[in-house]
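Working notes for the structure below.
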Amino acid sequence: MSTPNQGRLHVSFRPSDRARQALDGLPGPVTCAAEPSGQDRSELLSDVRGAAALVCLLTDRVDAELLDAAGPSLRVVANMAVGHDNIDVAACTARGITVTNTPGVLDEATADLAFALLLATSRRVVEADAFVRSGGEPWSWRPDLFVGLDVSSGATLGIVGLGRIGLAMARRARAFDMRIVATPSRSAGEEAARLGIETLPLPDLLVTSDVVSLHCPLTPDTRHLIGAKELRLMGPGSVLVNTARGPIVDEAALATALADGTIGAAGLDVFENEPAVHPDLLALPNVVLLPHIGSAGRATRDRMAMLAIDNARAVLAGEPAPTPVHP
Ligand code: GLV
């Protein structure tokens, strides 16, 4: 039996040592970018020419221009991310190119960070830290100093998008004795029932929840899912956490809502025009801002890279991809 022609695999970033070892074990040629943060667009368009596989980052836009640059040799695009809104999946499908992502290996790390944002915003951790460091005001214990939301005394968490990461967030909330509500989900099943999660339509969830945490993918349906109207439904004192994708939230509306007290606080790991952050958000004390580090656990990042490489390897070897995004 003949071995399918392997072709060249291009990695659009500098892989970790562990990922490098896996790449070294592949039968075909491999090229890798020099920087761990990825490549300039023009460099990527040039390096992808004639490749059979592309292992890429969520910051790489995989569109018709890139597919044209790659040419007909390209058989698989393996995103090192669970979200794949950076990839024109329809254009890939039309050209017979398999698209894969990395589901299941980053759920716990991402939920850890979402819960860290929930606690940091609810209990005003970053604001209070800045206050102590500023040394500006002498302070002593007082009943009204940095008072925030009681998380474990019956606060309600609203999960928008009850997939794997949403469920991992719910497990953490259960350990904190929170009431948990979520938007309807086809995939939640038995675990949602075991965790006692109540299902509510989005407007009711927004009204009911003290903290709303977003875990849905970015699609045309979820772009600006949370805008001025939804923030008004959340109400004063409530908290928004977004570790999913920035454009799910209307960032200008969020900045206004945080400034005028429509909602109490927000914890954001993702931004509408990443890496740019709305300037009004930068000036507000009641928002915690992180540079898209949801899955940034050491072992998690290795698992993501290994799964992306394995997806590319499988397609080049003529095997089914372990985690394709195609329906
Ligand atoms: C990170 O944002 C991912 O989609 O994996």
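The Asp17 and Glu274 beta-carbon pair, evaluated with R₀ = 25 Å, returns a calculated FRET efficiency of approximately 0.35. Semi-axis lengths, largest first, of the ellipsoid equivalent to segment 132-252 are 28, 19, 13 Å, with √(5λ) applied to each eigenvalue of the Cα gyration tensor. Using only the alpha-carbon atoms, how far is helix 125-134 inclined from the longest principal axis of the chain? Give it as 0 to 90 degrees, nearest 10. Roughly 70 degrees between the two axes. Take the Cα of Trp139, go 7 Å toward its beta carbon, and the backbone nitrogen atoms of segment 91-131 under 16 Å from that spot belong to 120-131.
A cut-off of 5 Å between modelled amide H atoms, ignoring neighbours fewer than 5 places along the same chain, links Val241 with Val212, Ser213, Leu214, Gly267.
For q = 0.08, 0.11, 0.12 Å⁻¹, what log10 I(q)/I(0) does the chain give under the Debye formula with an equal point scatterer on each alpha carbon and no solvent? So the normalised log intensities work out to -0.42, -0.75, -0.86. With the crude spin-label approximation of a point 7 Å out along Cα→Cβ, what separation in nm comes out for Asp177 versus Ala283? Each label point is offset 7 Å from its Cα along the Cβ direction, giving 4.2 nm. With springs connecting C-alpha atoms under 10 Å apart, model the chain as a Gaussian network and identify which of Ala193, Ala312, Ala168 has the largest mean-square fluctuation. Per the Cα network of the chain with a 10 Å cutoff, Ala193 tops the list.
In the elastic network of the chain, a GNM with C-alpha springs shorter than 10 Å, the most mobile of Glu251, Glu190, Glu198 is Glu190.
Available extension along the chain between Thr256 and Glu35 is 75.8 nm, counting 0.36 nm per residue and deducting the alpha carbon span. Taking other residues whose beta carbon is less than 13 angstrom from the beta carbon of Arg232, and scoring Lys, Arg as +1 and Asp, Glu as -1, yields -2. Of all beta bridges that DSSP places with both ends in segment 1-137, some 0 percent have antiparallel geometry. Over segment 127-268, accessible surface divided per residue gives 48 Å², non-protein components excluded, 1.4 Å probe.
Rounded to a whole number, what is D in µm²/s for segment 72-200 from Stokes-Einstein with the Kirkwood radius over alpha-carbon pairs (25 °C, 0.890 mPa s)? It comes out at roughly 137 µm²/s. Rounded to the nearest 10 degrees, the angle from helix 107-122 to the longest Cα principal axis of the chain is 20 degrees.
The values are calculated or read from the model by the stated rules, or taken from the named source; none is laboratory data. For clarity, every value in this text was computed on a predicted model and none was experimentally measured. Every residue, glycine among them, receives a Cβ derived from its backbone with ideal geometry; neighbour counts consider all protein chains shown. Just so you know, the surface numbers come from the protein's heavy atoms only, side chains and all, with ligands and any DNA or RNA stripped out. Shrake-Rupley method; radii C 1.70, N 1.55, O 1.52, S 1.80 Å.
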